[in-house]
1. Rounded, prolate or oblate: which one fits the stretch A:50-120, using the alpha carbon gyration tensor with axes a ≥ b ≥ c (rounded when a/c is under 1.5, else prolate when a/b beats b/c, else oblate)?
2. Kirkwood Rh over alpha-carbon pairs of chain B, then Stokes-Einstein at 20 °C and 1.002 mPa s: what D in µm² s⁻¹, rounded to an integer?
3. Cut-off 10 angstrom, C-alpha nodes, Gaussian network model of chain A. Which of A:Glu291, A:Glu235, A:Glu90 fluctuates the most?
4. Using 12 Å as the cut-off for backbone N distance, which residues of the stretch B:11-43 belong to the label zone defined by a point 7 Å from the Cα of B:Ser58 along Cα→Cβ?
5. Hey, what do the phi angles of the stretch B:263-271 turn into as Karplus ³J(HN,Hα) couplings, whole Hz, using 6.51/-1.76/1.60 and θ = phi - 60°, x for Gly and Pro?
6. With labels modelled as points extended 7 Å from the Cα through the Cβ direction, what inter-label distance (nm, one decimal) is found for B:Asp25 paired with A:Asn108?
7. Under 5 Å between amide hydrogens, which residues at least 5 positions from A:Thr73 or on another chain qualify, with H placed 1.01 Å from N in the peptide plane?
8. Rounding to the nearest 10 and keeping the result within 0 to 90°, find how far the Cα-based axis of helix A:34-43 lies from the longest principal axis of chain A.
Amino acid sequence: MKVTFPHMGNAWIVIQTLFESLNVEVVVPPVNSKRTLNLGTRLSPESACLPLKLNLGNYIEAASQGADTIVITGGIGPCRFGYYGEVEREILRDAGYDYEVVTLEPPNGSLLGLAKRIRFLAGTKNSWTKILKALRFAYLKSVGLDRIEDLIHAARPRLPSPLDTEKLYEEGKERLAQTMSEKGIFDTIQWVQETIRERQVNVRSSVDGKYKPLRIGIVGEIYTILDPYSSMGVEQELGQLGIEVDRSIYLSGWVGNHVFQGLVPGYRSIKSYPGYAKHYLPHFVGGHGQETVGAAVKFAREGFDGIIQIFPLSCMPEIVAASVLPKIQEAYKIPIMTLIVDEHTGQAGIKTRLEAFVDLLERPTMLRGIEQTRGEVLGVGGR
Amino acid sequence: MEEDKFFLGVDVGSVSTNMVLLRPDNTLKEALYLRTQGRPMQTIQEGIKLLRSRIPNSSEIIGVGATGSARQLAATLLGADVVKNEITAHAVAASRVNPKVQTILEIGGQDSKIIILRDGVVSDFAMNTVCAAGTGSFLDQQAARLGIPIEEFGPLALQSKTPVQIAGRCSVFAESDMIHKQQLGHSLPDILAGLCQAMVRNYLNNVGKNKDIQGPIFFQGGVAANPGIRKAFEEELGQSIVVPEHYGVMGALGAAFLAQERLAKRPESLTGFRGLKLSETQFQAKSFECSGCANRCEIVEIIQEGISLARWGDRCGKWSLAVGTSNDNSLAGQQRGQRGA
């Protein structure tokens, strides 16, 4: 058995770790690319959302590396993603791919059924203690990964060389992917912090250390906000425009809530969002529609300068959220922009909108000429 | 001499390339509206040549602003001092013309946008995302199909007494609906007026959704030349719509104003303008796919007489930052070689 799984941003690092610590052979598909999307689009119904298309592309690319079993999470509720495991199984069979598909969810609410599926994947060699240990370690790694990502969010607008900051991020991820000990996770985070601290010393005295970056909160559909390929690298683009980014959902926050059923909080727990959303959207609408609304309220209350919502074309939960956001924009006087992505989305169009949005946020203060200091990276990100 | 000094504003879009020369006293010296025809570099050079022929030899360009979807290309060719997205440029131009303006409806060749301003500052905006129905290109196409010059489209629509209902959600269906209405025997003006109304409804339901449209309202972009669309907007919004004098070149005008703003802030700075003679040199564009990582970015390189001026398209900055360090394009050659192998 060779297990593979769909990509979603950095999630591969965590999933690979999980299977490797259980000695299960795992194929990490090549990261999302134009090729992935083209392969997937060919097999997908045109009106399906972007994640389905990318998922299918991942499986096809993984199949050529010998993968024969797919692991995907499920879900219930109005979001179509919960059913993608089944849909993908059918599509792949029709296309001639012989894949076993394991959906990690309690079938008909049966935890025993879920346990059986995990047992199937883990094989007979692994004890339940070992499986739980592996899950715990993978979870810790996902929290570490999120902390590093958020440090980079804070570093992009503050450190001098954008290229070096991206390299630091890549190397941080690389080190984290390799480590198999808790100490290794801890050391990697420290190394990233230390590197940032060193680079910041050189900036502090110079003139361009003067401006306090604007803050934008990213909300929306989980796949498109966690996966930079599908959002055309919105976070990196904003960072290089001098913006500090934060996001409603981080990988471990989602894992804690979705996979571990809220038993662990994850980085930036998403539990509080429905409470914030209450006044505007008091009930579940599927996916993370309610979280999007709640996070927008939270960002607005925390004094963020703007909010960007991202979702794949035809995403129902986020369409509901999008129709509620103007009320939050009005109530808190905070600009909110919505970006919809699909396989036809062009980098240039996204860039124009981001630049215009940043101008919108920047020009009022620029015309008034307010100067504030930039602040320290470590005081902001990755806490 | 003051009257020989100009700010140059350039807006290179998908359909048209617009250029303006702005005097330091905010009056317009020249405005050009050229068809881009898929050849932005040649069009820019052509435009500069035309402008040069219309101003005295002693003229001096003291600042350059570039905007539009090809703003990066334009900025590289011209050596622009300010590069801004078209939303900001349109907003700046409109609020200079009338500081009280609160809404801008802009319909261009392939995109349409709405910009909401309050106290002269952009407070909200939207652009068409996944559909280009109801932009200038579609009107062009329909006018051609009906065999009327685009200039007559609007005046003809205004003659209509009873506009017909046209499905405006999608330009393909709008077209088949129009053909059907023609076959039923409706008059041309009624069909054209119906199309204007459908386009306006589509615009307000998509781009204008959830936007707080308040007067004064400016209507700009190439489509503002069409009085039929303007009338349909007025009927739908119940307010009067102002088409500013230079509606077709507002983006370029905004870019020129932004160049002026920059100079006002830093009076000592010199323009990076590459000179009015740039129409005589040879520019070349090359593109290749970077194989450095899975992103597979498409890199574009602009070369002037063998010297690499700029590269862009990469997400990581490897190529765009490398410009200036090497004058030849051996790196690019290497990449292309790999790809071809």
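1. oblate
2. For these conditions, the coefficient is 99 µm²/s.
3. A:Glu90
4. Those under the cut-off are none; the list is empty.
5. In residue order, the calculated couplings are 5, 5, 6, 10, x, 7, 6, 9, 6 Hz.
6. 8.7 nm
7. Distant-sequence amide H within range of A:Thr73: A:Leu104.
8. The two axes meet at around 50 degrees.
The values are calculated or read from the model by the stated rules, or taken from the named source; none is laboratory data. Quantities reported herein were computed from a predicted structural model and do not represent experimental measurements. Heads up, the Cβs are rebuilt from the backbone with ideal geometry, glycines too, and the neighbour counts pull from every protein chain shown. The area values use the complete protein model at the heavy-atom level, side chains included, leaving out ligands, DNA and RNA. Shrake-Rupley method; radii C 1.70, N 1.55, O 1.52, S 1.80 Å.
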